[in-house]
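K.L.:
Provided herewith is a single structure, encoded as structure tokens, for subsequent inquiry.
The values are calculated or read from the model by the stated rules, or taken from the named source; none is laboratory data. Please read these numbers as outputs of a predicted model, since none were measured by experiment. A quick note on method: Cβ atoms are made from the backbone with ideal geometry, for glycine too, and the neighbour counts reach across all protein chains shown.
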Amino acid sequence: MTEYSREPCPFRIIEDCGGAFAMGALGGGAFQAIKGFRNAPAGLKYRFSGGLAAVRARSGQVGGSFAVWGATFSAIDCTLVYCRRKEDPWNAIISGAATGGILAARTGLTSMLSSALVGGILLALIEGVGIAVAHYSADSYRQVSPVERQEIYKQQHLQQQQGFSPFGADYDEVSPPAL
């Protein structure tokens, strides 16, 4: 499955790093604003300034963490595309597992293995959902041949002539029983 909408591999790393930073900075900024608002002293002025201070202090760090994850993931993904000579969901799954393991390497072997397992499972779920959505939505993009279109038109025309409603049976109005 080739993705034509993405940049080629050397530039993909930079694009994914920047996108991950933006996503982490915006999401982390929203989370930190809520956290700072809740932890600030009473009073609306203090709460808003507390939320703004938390955003300034932490949203860049959260964005940076996301950027490191995105750059590591993309670098491993591009390496796998180069080595395996194909672009398929296995590259993303392996990249997720390797990224989780690499980023947890400083905390020990057990943590590294568990993070690699979680990263691989998460990416497998994401790829599986993407494949399922593509599979089930592919039928709506299938081209209809003129012969099939003519048959569909004939069936709809016959249903209209017979008084068939596609939304269920047509019921006659019945007056409510007298009390």
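K.L.:
Which of the residues that make up the range 110-154 are surrounded by fewer than 13 Cβ atoms within 10 Å (Cβ to Cβ), without any contact (Cβ under 8 Å) to a residue 24 or more places away in the chain, of a type in the set (A, V, I, L, M) and part of a helix (DSSP H, G or I)?
P.N.:
Answer for the range 110-154, where residues must be surrounded by fewer than 13 Cβ atoms within 10 Å (Cβ to Cβ), without any contact (Cβ under 8 Å) to a residue 24 or more places away in the chain, of a type in the set (A, V, I, L, M) and part of a helix (DSSP H, G or I): Leu125, Val129, Ala132, Val133, Ala134, Ala138, Val147, Ile152.
Yes or no, residue by residue, for (1) in contact with a strand residue (DSSP E or B) (Cβ under 7 Å, 6 or more places away or on another chain); (2) farther than 16 Å from Glu127 by Cα; (3) without any contact (Cβ under 8 Å) to a residue 12 or more places away in the chain; (4) surrounded by 17 or more Cβ atoms within 10 Å (Cβ to Cβ):
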{"position": "Asp77", "(1), (2), (3), (4)": "no, no, no, yes"}
{"position": "Cys83", "(1), (2), (3), (4)": "no, yes, yes, no"}
{"position": "Pro89", "(1), (2), (3), (4)": "no, no, no, no"}
{"position": "Ala92", "(1), (2), (3), (4)": "no, no, no, yes"}
{"position": "Gly101", "(1), (2), (3), (4)": "no, yes, no, yes"}
{"position": "Ala104", "(1), (2), (3), (4)": "no, yes, no, yes"}
{"position": "Gly108", "(1), (2), (3), (4)": "no, yes, yes, no"}
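K.L.:
With in a helix (DSSP H, G or I), surrounded by 17 or more Cβ atoms within 10 Å (Cβ to Cβ) and not hydrophobic (A, V, I, L, M, F, W, C) as the only criterion, which of Gly64, Gly70 stands out?
P.N.:
Being in a helix (DSSP H, G or I), surrounded by 17 or more Cβ atoms within 10 Å (Cβ to Cβ) and not hydrophobic (A, V, I, L, M, F, W, C) holds for just one of Gly64, Gly70, which is Gly70.
K.L.:
Whether any residue in the range 79-91 is modelled with pLDDT of 90 or more and hydroxyl-bearing (Ser, Thr, Tyr) is what I want to check.
P.N.:
Yes - at least one qualifying residue is present in the range 79-91.
K.L.:
Only one of Phe31, Phe21 is in contact (Cβ under 8 Å) with a residue 24 or more places away in the chain, among the aromatic types (Phe, Trp, Tyr) and either under 19 Å from Thr99 (Cβ atoms) or not in a helix (DSSP H, G or I) (or both); which?
P.N.:
Phe21
K.L.:
Being touching a helix residue (DSSP H, G or I) at 6+ places or on another chain (Cβ under 6 Å) and part of a helix (DSSP H, G or I) narrows it down to one of Arg56, Arg106, Arg12, Arg38, so name that one. So that I can check it myself, show each step before the final result.
P.N.:
Numbers: Arg56 fails: touching a helix residue (DSSP H, G or I) at 6+ places or on another chain (Cβ under 6 Å); Arg106 fails: touching a helix residue (DSSP H, G or I) at 6+ places or on another chain (Cβ under 6 Å); Arg38 fails: touching a helix residue (DSSP H, G or I) at 6+ places or on another chain (Cβ under 6 Å).
The match here is Arg12.
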